1. Name the single residue, out of those in segment 56-73 being free of Cβ contacts under 8 Å to residues at least 12 places away in the same chain and surrounded by 10 or more Cβ atoms within 10 Å (Cβ to Cβ), that is farthest from residue 114 (Cα to Cα).
2. Out of the residues in segment 6-26 that are over 15 Å from residue 103 (Cα atoms) and at pLDDT 85 or above, which is surrounded by the fewest Cβ atoms within 10 Å (Cβ to Cβ)?
3. Please find, among 89, 82, the residue that is over 30 Å from residue 122 (Cα atoms), free of Cβ contacts under 8 Å to residues at least 24 places away in the same chain and under 18 Å from the mean Cα position of the chain (by Cα).
4. If you go through segment 37-59 one residue at a time, how many are among the charged types (D, E, K, R), closer than 20 Å to residue 20 by Cβ and in a helix (DSSP H, G or I)?
5. Among the numbered criteria (1) without any contact (Cβ under 8 Å) to a residue 12 or more places away in the chain; (2) over 30 Å from residue 120 (Cβ atoms); (3) surrounded by 13 or more Cβ atoms within 10 Å (Cβ to Cβ), which one does residue 29 miss?
Amino acid sequence: MQDPDEWSAVGVHWHVYAEVRDSSDSFHDDRADRLQRDPDQVLRTPEEVAEWIAEMTRKHAHPRHVRLIGPGGGIGHVGDDAHVEHDLAHNLDALCRGNSLYTDLPRENDRLHLWAEAVTAEECPSAHAGRE
C-alpha cells in the first residue's frame, strides 16, 4: 500500500511553471533549465499541485470531443468536469510519491505546457527552500 505522505518523507516541494507554445513548436527545455528560472509559484503539498493543474485545465483547455475508453466508454470532452476529476485523482497519486508532473493542454491555437518540478531543499536555489 502506498504511503500518502511519501512526498513529505523525501522532503520535496514543487516549483510550478506554465508556458504557452505554438502547437508546432518542437523546442523543449529540460528540468535543469526550468530550475534555473524563478518558478511561477512554489507549492508545498500534493493537493496544492493537483488543484493548480486542475484549475489550469478548467481555465485553458480547449473543449473538444474525445472517445472514452473503458467499460463506460462514450464521448467526453477535454477539460470537462469528468476529465478534470479523473486527472486530479491520477495526478494526486503521482504527486504523493514525491514525483514531478508534466502535462500539456490543447488550446484553440496553441498548447499550454505545465510543469510541476519536485525539488528538495538541496536542489532548490531559492530562499523559500528552508521555510515550512
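1. 68
2. Here the residue is 9.
3. It is 82.
4. Residues that pass the stated criteria total 3.
5. (2)
The values are calculated or read from the model by the stated rules, or taken from the named source; none is laboratory data. Nothing here was measured: the structure is a model prediction, and the numbers come from that model. Because the Cβ atoms are built from the backbone with ideal geometry, glycine has one as well, and the counts that use them run over all protein chains shown.
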